[in-house]
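The values are calculated or read from the model by the stated rules, or taken from the named source; none is laboratory data. No experiment lies behind these values; they were computed from the predicted model shown. Cβ atoms come from the backbone with ideal geometry, glycine included; neighbour counts cover every protein chain shown. Heads up: the accessible areas ignore ligands, DNA and RNA and are worked out on the full protein's heavy atoms, side chains in. Shrake-Rupley method; radii C 1.70, N 1.55, O 1.52, S 1.80 Å.
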Amino acid sequence: MRCMVMLDIKFIRENAEKIKWASQVKKIECDVDKLLELDAALVKLRQEIQNIQTEKNAAGKKISKASPEEKKQIIESMAQLKNREKDIQTQLDEMEPAYQSLLLQVPQIPSEDVPVGKDDTENVEIRKVGAIREFDFTPLDHVELGQKLNLLDIPRGVKLAGARSYFLTGNGALLHWAVIRFAVDFMVKRGYFPMYPPMIVREQVMRGTGYLPGGEEQAYMCERDNLYVAGTAEVPVTAYFSDEILNQADLPKKFVALSTCFRREAGTYGKDTAGIYRIHQFDKVEQVIVGRNDEQQSIELHEEILANSEGILQALGLPYRVMNVCTGDLGRGQVKKYDIETWMPSRNSYGETHSASRFYDFQARRLNLRYRDENGKIQFCHTLNNTVIASPRVLIAILELYQNADGTVTVPEVLRPYMGGMETLKRR
RNA sequence: GGAGAGGUGGCUGAGCGGCUGAAAGCGACGGUUUGCUAAACCGUUGAACGGUUUAUAACCGUUCCCCGGGUUCGAAUCCCGGCCUCUCCGCCA
């Protein structure tokens with residue numbers, strides 16, 4: 001994973017204005033002019049050094065056949081060349097780091113159909129699906145339900161592990177596993193290849209997927225081992241084929257991965273403190289696609305992974321809406337992102353439960369993830385990913401929406417096979 | 001944790017300091033043969049960057065045999081550091 005280029009420098013040269021625009025609407029700092037200036041200077045120096053090397057090589061070839069006196073001469077002139085070379089090399093070495101770090105800041109250009117906006121308040125709703133339930137009694141929130149039905153124990157989680165920690169207990173744990181198994185099976189039926197990935201990964205995997213630099217504060221890290229704890233299976237699964245060259249015929253590769261996810265949630269003190277909405281550890285079923293370098297195909301696959309997740313929510317009978325995430329809320333590498341927000345009565349609003357991202361070759365470049373196309377040319381892949389289900393966050397919606405006046409919770413039908421046929425969650 | 005081995009092209013695997021961008025095999029691609037398939041035979045087959053050019057074609061140049069330094073007129077080949085992988089022993093599950 002040596003290739004740390006965000007976007008191809010040639011592309012940047014030719015699309016400087018678009019990138020400036022992207023940096024502006026994404027609110028990501030990036031000095032394109034400075035980058036191009038450095039780039040031009042570097043190209044010039046590299047040409048000079050190349051000429052010197054040509055001379056050196058020629059001299060080196062002569063030397064083995066030269067007479068002793070000639071050898072002396074050649075070696076002397078070589079010494080001069082080497083001095084000049086060293087000079088230029090020093091200049092190059094001085095400029096390179098600045099160039100590299102500027103290059104790393106270059107954002108991916110958003111798709112044309114992404115709304116321009118400053119932050120998540122300007123995301124645009126694409127559609128709403130499912131009717132919001134009207135209660136004819138006063139509904140409880142998931143924390144109260146969890147307590148009453150012994151599904152959830154936050155205080156003891158906090159006792160052992162600090163804020164944003166919890167236990168799922170009894171039927172709560174069973175419901176959690178049921179949701180996950182349902183989601184995995186759903187995706188496997190749709191032809192996705194199941195994976196259970198390592199979640200403690202090397203730094204270059206985090207860099208390759210775009211979480212570093214920038215996400216240092218969000219990720220747990222094992223300092224002794226210099227390894228990072230990934231916040232999502234997207235990280236190891238997208239990096240699965242890094243540094244490899246795949247066959248075009250094998251693409252797209254579609255994966256469904258289940259993992260526990262760890263997030264520090266630094267800088268969110270006071271945000272979403274109630275319940276199990278924002279927590280340090282959760283399980284997530286994730287879908288990841290590695291495809292051809294073909295924008296049209298990526299667009300279609302993006303719709304496909306979105307449809308998969310909508311299928312899950314519909315099967316669970318949860319009302320949701322699909323958001324077209326605006327430029328200001330897009331990550332550096334994302335071309336376009338759909339968020340799915342599921343209705344959560346206690347929040348009296350939709351809460352984000354899914355996030356479907358399209359990167360084109362942004363991650364693949366950093367991961368050195370390539371394939372050979374029909375002409376034998378090596379191309380960078382395209383990558384995409386989306387949540388299938390993240391639990392326990394989704395349990396908020398399930399518990400609150402499926403609660404009954406008597407304080408019990410009905411088990412959604414599709415989950416019952418995974419709960420030994422249980423139809424209702426009662427206190428036990 | 002202790003001791004050792006090693007990192008070469010899509011893969012496996014050779015490689016006296018100049019003739020090695022790299023043997024050989026496999027794979028892939030093109031062709032011959034063939035009722036079809038298979039087999040056999042012949043040929044082609046690394047990447048990035050820069051220049052010439054209408055050209056992602058051809059040609060020329062430079063760099064690249066894990067990364068970074070060093071020795072040398074010259075390094076895949078010698079030396080040092082780093083990263084990574086593997087084996088044995090110990091420990092643990």
Exercise. Among A:A233, A:G407, A:A397, which residue has its Cα positioned farthest towards the positive end of the charge dipole of chain A, with +1 placed on the Cβ of Lys and Arg, -1 on the Cβ of Asp and Glu, and the dipole taken about the Cα centre?
Worked result: A:A233
For this session: Would you list which lysines come within 25 Å of A:K10, measuring only between C-alpha atoms, while excluding same-chain residues fewer than 8 positions from it?
Result: A:K18, A:K20, A:K26, A:K27, A:K34, A:K44, A:K336, A:K377
For this session: In whole angstrom, note down how far apart the Cα centers of region A:336-397 and region A:73-148 are.
Result: 14 Å
For this session: Enumerate the amide H contacts of A:K337 below 5 Å, restricted to partners 5 or more residues apart or on another chain; note that Pro and chain-start residues carry no placed amide H.
Result: A:V325
For this session: Please compute the net charge surrounding A:S165, taking Lys and Arg as +1 and Asp and Glu as -1 over other residues with Cβ under 15 Å from its Cβ.
Result: +3
Problem set entry | Interchain or long-range residues, amide H under 5 Å from A:D283's placed H | A:C261, A:S391
For this session: Compute the acute angle (0 to 90°) between the alpha-carbon long axis of helix A:171-189 and the principal axis of greatest extent of the alpha-carbon atoms of chain A; round to the nearest 10°.
Result: 50 degrees
Exercise. Which of the peptides A:78-88, A:223-233 is most tightly packed, and how do the rest follow, judged by the mean count of other Cβ atoms within 10 Å per residue?
Worked result: A:223-233, A:78-88
Exercise. Quick one: if you take sqrt(5λ) for each eigenvalue of the C-alpha gyration tensor of region A:64-153, what semi-axes come out, biggest first, whole angstrom?
Worked result: 74, 21, 13
Exercise. Per the helix-only calculation at 222 nm, which mean residue ellipticity applies to chain A, given -39500 (n - 2.57) for every DSSP H run of n ≥ 4 and division by its residues, nearest 500 deg cm²/dmol?
Worked result: -13000 deg cm²/dmol
For this session: Working from Cα positions, state the angle (0 to 90°, nearest 10) between the long axis of helix A:68-105 and the longest principal axis of chain A.
Result: 20 degrees
Exercise. To the nearest Å, what is the center-to-center distance of region A:4-39 and region A:159-191, using C-alpha atoms only?
Worked result: 42 Å
Exercise. Using a 1.4 Å probe on the protein chains only, how many percent of the accessible area of region A:9-105 belongs to carbon and sulfur?
Worked result: 50 percent
Exercise. Tell me, what ³J(HN,Hα) does each residue in region A:319-324 have, in order and in whole Hz, if you take phi through Karplus 6.51 cos²θ - 1.76 cosθ + 1.60 with θ = phi - 60° and put x for Gly and Pro?
Worked result: x, 8, 9, 9, 10, 8
Seminar exercise, completed: Of every hundred units of 1.4 Å-probe accessible area on region A:272-407, the number belonging to carbon and sulfur atoms, as a percent, is 37 percent
Exercise. If you stretched the chain out fully between A:F135 and A:K271, how much longer would it get, using 0.36 nm times the residue separation minus the C-alpha to C-alpha distance?
Worked result: 46.3 nm
Problem set entry | region A:120-425, relative contact order [Cα under 8 Å, separation at least 6], % | 24 percent
Problem set entry | Surface accessible to a 1.4 Å probe, per residue, for the residues of chain A, Å² | 49 Å²
